[in-house]
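To start, the structure itself, in structure tokens.
The values are calculated or read from the model by the stated rules, or taken from the named source; none is laboratory data. Keep in mind that what you see is a predicted model, and the values were worked out from it rather than measured. Positions of Cβ are backbone-derived with ideal geometry, glycine not excepted, and every protein chain shown enters the neighbour counts. Side chains are part of the model used for accessible areas, which takes the heavy atoms of the whole protein and leaves out ligands, DNA and RNA. Shrake-Rupley method; radii C 1.70, N 1.55, O 1.52, S 1.80 Å.
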Amino acid sequence: MQSPYRIDPEKLHEILPDQPPYRANQLREWLYEHPVLESQQMTNLPGEVRSALSDRLWPFAVEAEQSADNGRTRKWLFRTPDGASIEAVLMGYPRRTTLCISSQAGCAMACTFCATGQFGFERHLDAGEIVAQVAYANATLRQEPLPGSPGRVTNVVFMGMGEPLANYENVRESLRRMIDVVDMAARGVTVSTVGVVPGIRRLADEPWQVGLAVSLHAADDELRTSLIPLNKRYPLADVIDASRYFFQRTGRRVSIEWTLMAGVNDGTDQAEKLTRIAETMKAHINVIALNTTPLTAHERPDGDAIEAFMSALESNGAPATFRETRGQDIDAACGQLRVRSASQGSEQ
Ligand code: SAH
């Protein structure tokens with residue numbers, strides 16, 4: 001038997017052939033609504049079912065867990081039975097508990113500034129492996145909540161490893177399970193993409209009001225192609241069009257992600273072009289400073305450069321927020337996942 005998370009939640013009766021049908025509903029509740037770390041905690045299920053699940057409840061093992069920011073950030077490295085690594089980062093805020101999840105082991109996009117991108121692609125995660133990250137976080141929060149934050153995952157962002165819209169069907173099914181089975185608010189879930197145009201359009205046509213973040217990082221094609229190889233296939237104009245379509249269809253304002261790199265995209269000319277793009281997309285801009293990784297050549301801008309870029313946006317009237325990233329000291333910040341195992345030379 002494989003992990004029950006890898007089975008459609010509506011088909012759980014298939015792994016409980018000797019049990020009455022209501023057992024499948026009970027199991028589904030334990031998996032999605034009230035997740036627990038161990039099957040023995042599933043108190044209303046018969047002992048034989050609990051035992052059968054005991055060593056295969058999760059589709060991965062926990063290889064490492066780390067904590068930072070005074071316990072308000074927690075990072076997990078999971079390992080699947082076939083050796084794929086999955087990382088997830090939990091971040092507590094006063095009114096929300098956000099989980100950053102992975103949609104692929106590795107990533108094929110090869111963005112020059114991203115640690116995951118330097119390692120290449122391992123494989124897609126299936127819907128169960130994606131949603132199990134949320135369930136696992138909820139199961140641990142139940143035992144050990146983050147100080148001063150909701151005891152459940154309220155927000156999910158697809159900003160861990162992988163390009164979610166390059167793994168569309170599995171990501172779609174994971175969204176369905178989060179929204180329809182876990183009962184999360186669609187508005188609390190954000191898919192982040194480097195600009196997979198057909199995926200943005202498909203997502204816009206789905207029945208849920210999930211959020212969309214577009215990792216822009218450059219406001220002209222020449223610069224963007226030098227950072228993000230996919231820009232050759234889906235240039236800025238197409239990404240902008242698809243983002244406008246998303247806003248029209250869902251009524252949800254898209255966020256533009258902008259990772260600031262010293263001397264690369266922190267000049268006033270980029271700030272000006274970015275302002276125009278944000279206007280066209282009716283988007284909000286989230287700026288973060290690059291988290292340097294041993295493998296990337298780019299540098300993090302200093303405080304003055306960040307301030308200059310933010311005030312350029314402000315004087316242009318662009319709606320923008322500078323965001324501090326969490327978990328830097330445990331390599332849990334955006335684009336840093338995998339750094340430690342890489343520098344230990346244990347990767348691949
Ligand atoms: N593939 C998706 C989601 C994963 S990356 C995407 O590109 O959006 C999540 C975010 O982290 C993206 O905005 C990405 O550009 C950003 N990021 C990647 N590496 C980074 C780094 N080293 N420092 C800061 N942000 C980084």
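Loop-located trypsin sites (Lys or Arg not before Pro) across region 11-114 with a Cβ neighbour count of 10 or fewer within 10 Å are Arg95, with loop assigned by DSSP. The relative contact order of region 132-217, computed from alpha carbon pairs under 8 Å that lie at least 6 residues apart in sequence, is 27 percent. The Kirkwood hydrodynamic radius of region 271-317, based on inverse pair distances between different Cα atoms, is 12.1 Å.
Straight-line cross-link partners of Lys282 among the lysines, defined as a Cα under 28 Å from its Cα and at least 8 positions apart when in the same chain: Lys232, Lys273. In this Cβ point-charge picture (+1 for Lys and Arg, -1 for Asp and Glu), the chain has a dipole of about 680 debye about its Cα centre.
Quick note on region 165-236: its Rg to Rh ratio, both from C-alpha atoms and Rh being the Kirkwood radius, is 1.05.
Once you order the gyration tensor axes a ≥ b ≥ c over the Cα atoms, which shape class does region 192-334 get: rounded for a/c under 1.5, otherwise prolate or oblate by comparing a/b with b/c?
Here region 192-334 falls in the prolate category.
Each label was represented as a point 7 Å from its Cα along the Cα-to-Cβ direction; for His34 and Arg152 these points are 1.2 nm apart. Ranking Thr97, Ile306, Ile285 by Cα position along the charge dipole of the chain, where only Lys, Arg, Asp and Glu carry charges on their C-beta atoms, puts Thr97 farthest toward the positive end. Summing Cβ point charges (Lys, Arg +1; Asp, Glu -1) relative to the Cα centre of region 115-191 gives a dipole of roughly 240 debye. Note: relative contact order over the chain, using C-alpha pairs below 8 Å and six or more positions apart, is 14 percent. Sorting Ser149, Ser311 by accessible area puts them as Ser311, Ser149; the probe is 1.4 Å, largest comes first, and only protein heavy atoms count. Put a plus charge on the Cβ of each Lys and Arg, a minus charge on the Cβ of each Asp and Glu, and nothing anywhere else: the dipole of region 1-95 about its Cα centre is then about 280 debye. A 1.4 Å probe, protein heavy atoms only, puts the accessible area of Asp205 near 80 Å².
Ignoring solvent entirely, what values of log10 I(q)/I(0) come out of the Debye formula for region 110-232 at 0.22 Å⁻¹ when each Cα is a single scatterer? Taken in order of the listed q values, log10 I(q)/I(0) reads -1.30. Its Kirkwood hydrodynamic radius, worked out from the mean inverse distance over all distinct Cα pairs, puts region 3-107 at 15.5 Å. Backbone geometry of region 105-117 corresponds, through the Karplus equation with coefficients 6.51, -1.76 and 1.60 at θ = phi - 60°, to 3J(HN,Hα) couplings of 8, x, 7, 8, 7, 6, 4, 5, 9, 9, 4, 4, x Hz, x marking Gly and Pro. Close amide H pairs (under 5 Å, H built 1.01 Å from N) link Ile285 with Ile256, Ala320, Thr321, residues at least 5 positions away or on another chain. Taken one residue at a time, the phi angles of region 16-32 give Karplus couplings (6.51, -1.76, 1.60, θ = phi - 60°) of 10, x, 9, 10, x, x, 5, 4, 5, 5, 5, 4, 4, 5, 5, 6, 10 Hz. Gly and Pro are set to x. What fraction, in whole percent, of alpha-carbon pairs in region 243-305 exceed 18 Å separation? Roughly 45 percent, rounded to a whole number. Only Cα sites of the chain enter the Debye sum here, all with the same form factor; the resulting log10 I(q)/I(0) across q = 0.10 1/Å is -0.60, listed in q order. Along region 324-333 the Karplus relation, 6.51 cos²θ - 1.76 cosθ + 1.60 evaluated at θ = phi - 60°, assigns HN-Hα couplings of 6, 9, 9, x, 4, 6, 10, 6, 9, 6 Hz to successive residues, with x for each Gly and Pro.
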